Amino acid sequence: MTAKFENNNLIVLNPLSGDKVDTLTVSDEKYINDSILNAKIDSSWSSLSVSKRVSYINKFRKELLKNKKEIASTIKNETGKIDFDITVEILTSLEHLKQIASIAKKALKIQRRNAGLMKTKKAYVKYEPLGVAGVIAPWNYPLATPLTSSAEALIAGNNVLLKPSEHTPLTSKLLKKIWDNAIEYKNAFQIIIGGADVGGSIVKNNNIDIICFTGSTSVGRTIAKQCAETLKPCILELGGKDPMIILNDANIHRAVESAIFGGMSNAGQTCISTEEVFVEDGIYNDFVEKISNRIKSIKSGSTGDYGSMIIAQNADKVKRHIEDASKKSKIIYGESDEKDMFLPPALVFEPCEDSFIVNEETFGPVLSIRKFSNEEDLFEKIHKTGFGLSSSIFGKNKKRMNEIIKKLKTGTVSINDVMTHYGISSIPFGGEGVSGIGRLHGKEGLRAFSRTKSIVVNRFNFLNEIWWFGRSEKINTLLNKVMNLIFRY
Ligand code: NAD
């Protein structure tokens with residue numbers, strides 16, 4: 001545990017020392033309802049133009065940069081991440097805010113569309129705020145996930161109710177402090193503290209117009225069912241089992257380093273962590289030899305290549321996966337210069353089909369490595385779990401890789417690369433299957449937080465429409481002639 005509930009308090013603990021970092025009051029039903037109501041009735045933020053909202057988000061970004069030291073120490077205290085991973089998280093978050101702000105005006109601009117046969121009409125699409133967005137976040141990126149989802153909802157003109165994970169609420173609390181100091185629209189961005197029940201209250205509240213949930217597939221399913229009750233829109237960013245495919249013509253050095261980075265950075269606690277590596281038979285032995293040697297010099301620790309597990313339950317799950325795999329498969333470990341919440345990197349070779357590591361998200365510094373020789377078998381294995389967040393392919397033959405891209409049921413595919421797509425905020429981010437529904441990032445993300453409204457304007461009001469009642473008999477004949485003429489080809 002890195003957090004415990006006592007009476008109406010949430011006690012946040014440092015995952016390494018177990019020391020208390022802070023005590024927060026859990027938001028009660030009245031506080032939650034009042035906050036949501038304040039957000040519902042205050043239209044001052046949504047009434048601003050997109051340009052104005054963008055300028056506030058840019059101001060917020062600059063304030064975050066000024067407070068980067070405090071943000072970094074808060075993340076460290078509640079997660080046990082190493083400094084480099086924290087720097088990357090802050091940089092990625094600021095870059096996201098900058099990129100998303102830069103595309104917002106165009107993405108949310110009213111659009112003229114072709115009216116087709118309806119020559120006497122003008123057709124437009126408008127993107128309007130939905131109202132109040134409930135953002136529910138996990139613990140693995142306590143800055144990036146709550147901030148980026150909230151910023152997209154805000155730029156789209158919504159007021160945001162953010163519920164951070166009970167394990168890492170302090171970074172979000174700091175975000176709220178920085179927002180309130182810099183931006184006068186306090187009701188536009190509010191935070192609610194608590195666990196699953198508090199998250200549930202937000203989902204079920206009728207004044208919440210959209211849910212943006214990032215977390216586990218099992219909770220995502222529950223939320224989807226609750227949203228289905230009122231057909232409330234929900235964006236679900238869930239777990240992953242991201243496969244890496246290494247083809248015979250891959251640059252082996254790049255493939256080895258990418259596999260290790262994709263699997264082990266942030267202690268493998270990233271939804272887009274590489275979890276499964278599939279290596280083609282012609283390069284398999286070489287790859288296995290190189291990665292087995294390389295992993296021995298990778299270590300976890302406060303000054304290691306990656307930091308600690310963030311919550312004990314997840315550390316236990318990862319250990320369970322490794323123990324299960326160790327019964328039938330060879331495992332090679334790297335190092336860990338500290339114990340308890342630090343897990344050494346692990347490579348599991350040829351895990352059994354019924355092992356946890358093949359069938360569930362592991363979410364730790366573990367890679368499974370399997371040989372493949374036929375593509376049909378490869379795709380069957382890749383798609384077995386139903387996860388479809390992201391994937392990567394290493395090789396040279398573009399034609400072959402394009403064929404593989406077509407067959408991969410994942411939201412993103414990286415070629416000779418891993419994970420960097422999250423840092424490119426102009427492209428949509430999200431998964432399919434049990435990895436979720438909907439997209440964040442890019443114009444797709446901004447529009448996901450918007451009401452897409454189609455507007456049709458009649459141009460010549462002095463003219464009667466030919467289909468109105470009282471029309472001449474000839475109109476039917478005319479329409480048939482027009483049909484035959486226009487739809488011939
Ligand atoms: P979780 O599902 O346990 O919790 C996520 C959030 O949901 C927390 O704030 C929690 O308090 C809240 N919650 C729990 N039960 C709830 C309920 N019934 N109703 C409403 N809210 C509820 O997930 P976690 O353990 O915090 O995060 C790890 C998971 O998140 C992993 O599976 C990881 O892959 C996934 N994740 C996905 C992405 C993505 O973008 N796809 C990003 C980061 C993490």
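The table for this structure:
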{"item": "Residue within the range 441-459 that is of a type in the set (D, E, K, R), surrounded by fewer than 20 Cβ atoms within 10 Å (Cβ to Cβ) and within 22 Å of Thr385 (Cβ to Cβ) present", "result": "no"}
{"item": "Number of the exception - Lys406 against (1) more than 16 Å from the ligand (Cβ to nearest atom); (2) at positive phi", "result": "(2)"}
{"item": "Some residue of the range 434-449 being of a type in the set (Phe, Trp, Tyr) and either in contact with a Gly (Cβ under 6 Å, 6 or more places away or on another chain) or under 29 Å from Lys225 (Cα atoms) (or both)", "result": "yes"}
{"item": "Number of the exception - Thr303 against (1) modelled with pLDDT under 95; (2) closer than 22 Å to Ser165 by Cβ", "result": "(2)"}
{"item": "Glu78 being closer than 28 Å to Leu16 by Cβ and acidic (Asp, Glu)", "result": "yes"}
{"item": "Test: Ser292 is buried (at least 21 other Cβ atoms within 10 Å of the Cβ) and assigned by TED's automatic domain parsing to the domain that holds Glu338", "result": "no"}
{"item": "Residue in the range 308-330 that is away from the ligand (no atom under 14 Å from the Cβ) and within 22 Å of the chain's Cα centre (by Cα) present", "result": "yes"}
{"item": "Selected residue [of a type in the set (Gly, Ala, Ser), within 19 Å of the chain's Cα centre (by Cα) and within 8 Å of the ligand (Cβ to nearest atom)] from Gly220, Gly194, Gly200", "result": "Gly220"}
{"item": "Answer residue from the range 312-341, given it is part of a loop (DSSP other than H, G, I, E, B) and modelled with pLDDT of 95 or more and is nearest to Glu166 (Cα to Cα) among those", "result": "Gly334"}
{"item": "Residues of the range 93-143 classified as over 17 Å from the mean Cα position of the chain (by Cα) and either outside any loop (DSSP other than H, G, I, E, B) or on the phi < 0 side of the Ramachandran plot (or both), total", "result": "31"}
{"item": "Lone unmet requirement of (1) assigned to a helix (DSSP H, G or I); (2) in contact with a Gly (Cβ under 7 Å, 6 or more places away or on another chain); (3) of a type in the set (Gly, Ala, Ser) for Gly262", "result": "(2)"}
{"item": "Test for Ser472: is it in contact (Cβ under 8 Å) with a residue 24 or more places away in the chain and either farther than 30 Å from Ser46 by Cβ or not in a helix (DSSP H, G or I) (or both)", "result": "no"}
{"item": "Some residue of the range 207-217 being surrounded by fewer than 17 Cβ atoms within 10 Å (Cβ to Cβ) and within 7 Å of the ligand (Cβ to nearest atom)", "result": "yes"}
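The values are calculated or read from the model by the stated rules, or taken from the named source; none is laboratory data. Being a predicted model, the structure only gives us computed values, none of them experimental. Cβ: placed from backbone, ideal geometry, glycine included. Neighbour counts: every protein chain shown.
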